[in-house]
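Enquirer: Got a structure for you, questions after.
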């Protein structure tokens, strides 16, 4: 079986156009008519990225949301999407479409076209979506490779909710270990991630680097550090945790480590010079979004984890790794 | 099982943005920065759109070609593509990538990004590609709905080669019924379709309607007639047949009916006022392409088939119908 890493290395040798950004970023950026078009494509496979008994409307929502999250990370305004659908059973497909419609409306990303295919009998189905966005006009399109020593490292939203939501949904976390209100809220965070393109658009001119957190804060921060040829130092105590997570898991080191290695946050991870701190808080507050400084960029390479000024060994598993 | 027709009807209710063109066309068209961006997405599924023992490089070529064909039909210059790959066995994936690279170079459509996923063990794999093109600047982007009574109906290339090539490859046509040189050439037409974007770009300002022929000339001509609320009358005797096809199948009515109902031509089907005939021939000749007038558009609806001025009943099967 081809390793994903080896395959992407081979793809890189083909994708030599500058618009491909060396396949290192979450999206391609092409210039057309004086505008920057940001493009991203994600595929979700039955029994890999979702479970056969997941509500179909949530599967559709997530397919849209993960792509919108990539647009948000590039500071791009959603323009539209194309969607490839593998036909299945009637009721499932109808519910899926309802979720697709809800997400397209929520994220203001009109459905423009795509393809519909029939899979062989019994085959796991897969769904692909390509999202297009209009990149920022008066600043570069943020990449994950621009983090500079001296920058602060920020995250939007709260971290780890989606991972805990999955634990609630799949029964890893026993139902008597979480109050029903939190169980619902956490499950919703897993099933209906809600990236905020307006926040990415507002931050684009403030940041030196930006990406979305899709596989876990630690693994994505290390990817940003690697791409930027700098070291990122994160303070576990600064990682923002939701009330639902705190009241379910607590907020000790174990709970924090679980949160920062859980995937599917679809929050923003970005770095910016410290003098922009007030303006960043102001922009986020204006959009009703939470942002928190969780670390710094220094010279060097890799990722360093601290907790209350004490170094913490990196866990073996930094997140969902391909 | 959801019918594709019903599903697309339901999708249409969601895809209300004008850029989606009511999902009636082969591509979406969005305006950005004073340019028109043409977008199309096609998916190919193992054992549905290709066979497990098809050469992987040809599968990749075809995935690019079918999308480029849609761009050509909109008169669009290829700008780039995004590609979603389902990982499989190492040697297969390596050969697939070689075909992808060859096609991207042949069609001058750089690979810009995409996604790589792992399917569950034993699952048929599927591959999606989104192609982007720059639409014509000084004329409308051709649609399939613009055919006008009085227009001539044209096709590019020769019709039916790919269908006959498939018959050669899958053994439906016995090997002693075709000379080896023709067998090779016809097989290549099936495995490596070669749409010509430059021809579509040159014709865009000449045509009233244009689409690609992917499912068979008859079924696609009827789709154009339906979309245009006009009747298309085709003359079987005018349909251009390659030497390989003529010397294999002959050119009687049965051979012609087989050719016009075979899929995978990836030629252009277009209509234009008769006074543009000389200019159309000149433009095509300048690109080394063959174009032939094969019918006329009249008032009414549907498709009428003639052969040497005699009406011919439409066959039950007009092509590959979803």
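Enquirer: Mind listing whichever residues of region B:74-89 are under 21 Å from residue B:197 (Cα atoms) and in a loop (DSSP other than H, G, I, E, B)? Lay out the reasoning, then the answer.
Expert: If we filter region B:74-89 for residues that are under 21 Å from residue B:197 (Cα atoms), which is where we start, we get B:74-83.
Correct list: B:74, B:75, B:76.
Enquirer: Out of B:111, B:71, B:169, I need the residue that is outside the structural domain of residue B:231 (by TED's automatic domain parsing), over 19 Å from the mean Cα position of the chain (by Cα) and in contact (Cβ under 8 Å) with a residue 12 or more places away in the chain. Which one? Lay out the reasoning, then the answer.
Expert: Values: B:71 fails: over 19 Å from the mean Cα position of the chain (by Cα); B:169 fails: outside the structural domain of residue B:231 (by TED's automatic domain parsing).
The unique qualifying residue is B:111.
Enquirer: Within region A:59-75, can you find the residues that are within 12 Å of chain B (Cβ to nearest Cβ) and in contact with a strand residue (DSSP E or B) (Cβ under 6 Å, 6 or more places away or on another chain)?
Expert: Our first condition is that a residue be within 12 Å of chain B (Cβ to nearest Cβ); within region A:59-75, this holds for A:60, A:63-64, A:66-67, A:70, A:74.
Within region A:59-75, A:63, A:66, A:67, A:70, A:74 qualify.
Enquirer: Can I ask one more? Tell me which residues, restricted to region A:135-165, are more than 18 Å from the chain's Cα centre (by Cα) and within 13 Å of another protein chain (Cβ to nearest Cβ).
Expert: Within region A:135-165, just A:137 meets the criteria.
Enquirer: Restricting to region A:12-58, name every residue that is part of a helix (DSSP H, G or I) and within 7 Å of another protein chain (Cβ to nearest Cβ). Give the steps one after another, and end with the answer.
Expert: First, the residues of region A:12-58 that are part of a helix (DSSP H, G or I): A:12-14, A:18-23, A:56-58.
The answer is A:14, A:19, A:20, A:23.
Enquirer: Quick check, is residue B:13 surrounded by 21 or more Cβ atoms within 10 Å (Cβ to Cβ) and modelled with pLDDT of 90 or more? Show your work before the answer.
Expert: Values: surrounded by 21 or more Cβ atoms within 10 Å (Cβ to Cβ): no; modelled with pLDDT of 90 or more: yes.
So residue B:13 does not fit the description; no.
Enquirer: Residue B:78 - would you say it is away from every other protein chain (no Cβ under 11 Å), at pLDDT 95 or above and more than 30 Å from residue B:284 (Cα to Cα)?
Expert: Working: away from every other protein chain (no Cβ under 11 Å): yes; at pLDDT 95 or above: yes; more than 30 Å from residue B:284 (Cα to Cα): no.
It is false that residue B:78 is away from every other protein chain (no Cβ under 11 Å), at pLDDT 95 or above and more than 30 Å from residue B:284 (Cα to Cα).
Enquirer: Continuing with this model, one more query. Could you tell me whether any residue of region A:229-250 is farther than 24 Å from residue A:284 by Cα and free of Cβ contacts under 8 Å to residues at least 60 places away in the same chain? If you could, list the steps in order and put the result at the bottom.
Expert: In the first step, residues of region A:229-250 are kept if they are farther than 24 Å from residue A:284 by Cα; the result is A:229-231, A:247-250.
Filter once more, keeping what is free of Cβ contacts under 8 Å to residues at least 60 places away in the same chain: A:250.
Yes: region A:229-250 contains one or more residues that are farther than 24 Å from residue A:284 by Cα and free of Cβ contacts under 8 Å to residues at least 60 places away in the same chain.
To keep it simple, each residue is scored yes or no on (1) surrounded by fewer than 24 Cβ atoms within 10 Å (Cβ to Cβ); (2) farther than 20 Å from residue A:139 by Cβ.
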position	(1), (2)
A:64	no, yes
A:67	no, yes
A:71	no, no
A:76	no, no
A:86	yes, yes
A:89	yes, yes
A:94	yes, yes
A:102	yes, yes
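Okay, residues lined up against (1) at pLDDT below 95; (2) assigned to a helix (DSSP H, G or I); (3) touching a strand residue (DSSP E or B) at 6+ places or on another chain (Cβ under 6 Å); (4) more than 7 Å from chain B (Cβ to nearest Cβ):
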site: A:91; (1), (2), (3), (4): yes, yes, no, yes
site: A:99; (1), (2), (3), (4): no, yes, no, yes
site: A:105; (1), (2), (3), (4): no, yes, no, yes
site: A:121; (1), (2), (3), (4): yes, no, no, yes
site: A:130; (1), (2), (3), (4): no, no, yes, no
site: A:133; (1), (2), (3), (4): no, no, yes, yes
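Enquirer: Can you name the residue in region B:32-62 that is over 20 Å from residue A:123 (Cβ atoms) and free of Cβ contacts under 8 Å to residues at least 12 places away in the same chain and is also surrounded by the most Cβ atoms within 10 Å (Cβ to Cβ) among such residues?
Expert: Ranking the candidates gives B:32 first.
Enquirer: For region B:197-217, give me each residue that is outside any helix (DSSP H, G or I) and surrounded by fewer than 19 Cβ atoms within 10 Å (Cβ to Cβ).
Expert: Restricting attention to region B:197-217, the residues satisfying the condition of being outside any helix (DSSP H, G or I) are B:204-216.
Selection gives B:205 alone.
Enquirer: Is it the case that some residue within region B:218-225 is within 14 Å of chain A (Cβ to nearest Cβ) and either under 27 Å from residue B:242 (Cβ atoms) or assigned to a loop (DSSP other than H, G, I, E, B) (or both)? Steps first, please.
Expert: Taking region B:218-225 first, the residues within 14 Å of chain A (Cβ to nearest Cβ) are none.
No, region B:218-225 contains no residue that is within 14 Å of chain A (Cβ to nearest Cβ) and either under 27 Å from residue B:242 (Cβ atoms) or assigned to a loop (DSSP other than H, G, I, E, B) (or both).
Enquirer: Across region A:1-11, what is the total count of residues that are within 8 Å of chain B (Cβ to nearest Cβ) and in contact (Cβ under 8 Å) with a residue 24 or more places away in the chain?
Expert: Total satisfying the criteria: 1.
Enquirer: Within the bounds of region A:304-312, is there any residue that is surrounded by 12 or more Cβ atoms within 10 Å (Cβ to Cβ), more than 26 Å from residue A:243 (Cβ to Cβ) and in contact with a strand residue (DSSP E or B) (Cβ under 9 Å, 6 or more places away or on another chain)? Reasoning before the result, please.
Expert: In the first step, residues of region A:304-312 are kept if they are surrounded by 12 or more Cβ atoms within 10 Å (Cβ to Cβ); the result is A:304-307, A:312.
In the following step, the residues that additionally are more than 26 Å from residue A:243 (Cβ to Cβ) were identified as A:304.
Pick out the ones that are also in contact with a strand residue (DSSP E or B) (Cβ under 9 Å, 6 or more places away or on another chain) and you get A:304.
Looking through region A:304-312, at least one residue is surrounded by 12 or more Cβ atoms within 10 Å (Cβ to Cβ), more than 26 Å from residue A:243 (Cβ to Cβ) and in contact with a strand residue (DSSP E or B) (Cβ under 9 Å, 6 or more places away or on another chain).
The values are calculated or read from the model by the stated rules, or taken from the named source; none is laboratory data. Keep in mind that what you see is a predicted model, and the values were worked out from it rather than measured. A quick note on method: Cβ atoms are made from the backbone with ideal geometry, for glycine too, and the neighbour counts reach across all protein chains shown.
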